[in-house]
Amino acid sequence: MKIGLMGYGTVGSAFYTLAQEHADTQIAALLDLKTHPEVACRQTSDYRSIIEDQSIDTVVELIGGLHPAYEFVTAALKAGKHVVTANKQLVCACYDELIALAEENGVSLRCTAAAGGGIPWLHSLARLSRCDRITAVSGIMNGTTNYILSAMTEQETEYADNLREAQRLGYAEADPTADVEGYDACRKLVLSANIAFGVSIREAEVPCFGISGITAQDVAAFKRLGLVCKLIAHASLREGRVSACVEPMLFPVSGQMAHISGPDNLISLKAERVGAQSFAGAGAGGFATASNVLADCMEIARGCETFYTSLRTPAAVDNAALEQRYYIRTEAGAQSMRLTVNAAHAMAAEYKNKQQPFFMAAVAEE
Ligand code: HSE
């Protein structure tokens, strides 16, 4: 396999190193705005020189963000090149279009590293969705927020210091807003739900509340109650209706969720025949994510070119039936109340508009 690598950030540089270790993944050219003296292959800042290079059969896109990644990936697919990407924003926003383009051009589009970092979550989900009926996907899908929340709980440190450390360690996105506000987990959820349920739901329809408002006092209050806070993405399919949501959730300190610390993810599914399955491991970080990218490349090289799903029925997100207990903290203090997901997220939006302090977390029910 001859690869055109696009992007040389945390994941791109780790992928470059890993690919060197395998004779069947040869990097023919690197696209980046800067030149890197340690890189031995041809380097360019013009994506067309990769697209027009007939010797390159696979483009690995690790630039991230919507643009110009969209233009580069669509050009590569139209030029008959396989594409492997870890770009959840791009795949979440343009999944239907990119899959159709790949199909039209007889090439493969793979994005296993777009959700779960180094965990082969999407791959396992796609595999199972072909032979069983998956009814729920849920869990910790963002490494940065799990790193921050674990450190706040274990070391009783402040939110801002831990966010800086997560950025330094290469877990956070270039703009960490997507991590801390839950958008990154939301994109991974949309991708997971679409593959699991064979639907096409939209990111904009998923209520999403992140952790940027959490304080050391909230964490201390949870600890006194024997609870820990995690950012959870969950979606389910019931009687043809898809519900989906991203929000902080409180779990017993003695349970499995509480023990997932640092940038690790724990993602689970429920299916009619196989029952419940969970996948845990490094959810962020250069080498973990790059290893999933490399595994996708190797599968393509072995001739496994199947697509994640070709069933993409448009579906509206419907959370009307979801109700749970919430911890709600405003300037007036903290209280616990039972609310529908829609009501809780509407309250969060109201406080955000008023720019007033607010934090909420659902209390997980067994
Ligand atoms: N910023 C992402 C995270 C990277 O923290 O989970 C892996 O997708």
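The values are calculated or read from the model by the stated rules, or taken from the named source; none is laboratory data. Keep in mind that this is a model prediction, so the values were computed, not measured. Quick reminder, even Gly has a Cβ in these numbers, built from the backbone with ideal geometry, and neighbours come from all protein chains shown. Side chains included, ligands, DNA and RNA excluded: accessible areas come from the protein's heavy atoms. Shrake-Rupley method; radii C 1.70, N 1.55, O 1.52, S 1.80 Å.
Points worth noting:
- Efficiency of FRET between Thr177 and Ala23 - r from beta-carbon atoms, R0 35 angstrom, step 0.05: 0.30
- Of the GluC sites (Glu not before Pro) found in region 1-79, those in coil by DSSP whose Cβ has at most 10 other Cβ atoms within 10 Å are Glu21, Glu38.
- Per-residue SASA remark: Tyr327, around 30 Å² accessible (1.4 Å probe; ligands, DNA and RNA not included).
- The amide H of Ser108, built 1.01 Å from its N in the peptide plane, has His82, Val83 as neighbours under 5 Å, considering only residues 5 or more places off or on other chains.
- Largest to smallest accessible area among Arg127, Arg42 [probe 1.4 Å]: Arg127, Arg42
- A Gaussian network model of the chain, with springs between Cα atoms under 10 Å, assigns the largest mean-square fluctuation among Leu322, Leu98, Leu163 to Leu322.
- Residue pairs, from the table Lys81/Lys188; Lys223/Lys352; Lys230/Lys354; Lys2/Lys78, whose Cα atoms sit over 21 Å apart: Lys81/Lys188; Lys223/Lys352; Lys230/Lys354
- For the options Leu18, Leu250, Leu30, a Gaussian network treatment of the chain with springs between C-alpha atoms closer than 10 Å singles out Leu18 as fluctuating the most.
- Selection of GluC sites (Glu not before Pro), region 149-229, meeting DSSP coil and at most 12 other Cβ within 10 Å: Glu156
- Counting only protein chain heavy atoms and rolling a 1.4 Å probe, the accessible areas of Arg273, Arg168, Arg110 rank, largest first, as Arg273, Arg168, Arg110.
- A 1.4 Å probe over all protein chains sorts Lys81, Lys354, Lys2 by accessible area into Lys354, Lys2, Lys81, starting with the largest.
- Springs join every pair of Cα atoms under 10 Å in this Gaussian network model of the chain, and among Leu128, Leu189, Leu269 the largest mean-square fluctuation is at Leu128.
- Gain on full extension, evaluated as 0.36 nm per residue between Glu350 and Val39 minus their Cα-Cα distance, stands at 107.0 nm.
- Residue-level accessible surface for His123, protein heavy atoms, 1.4 Å, Å²: 60
- Karplus 3J(HN,Hα) series, Hz, for region 335-344 with 6.51 cos²θ - 1.76 cosθ + 1.60 (x for Gly, Pro): 8, 10, 8, 8, 9, 6, 4, 4, 5, 5
- With helices as the sole contributors, the chain gives -11000 deg cm²/dmol at 222 nm; each DSSP H run of n ≥ 4 counts as -39500 (n - 2.57), and the sum is divided by every residue.
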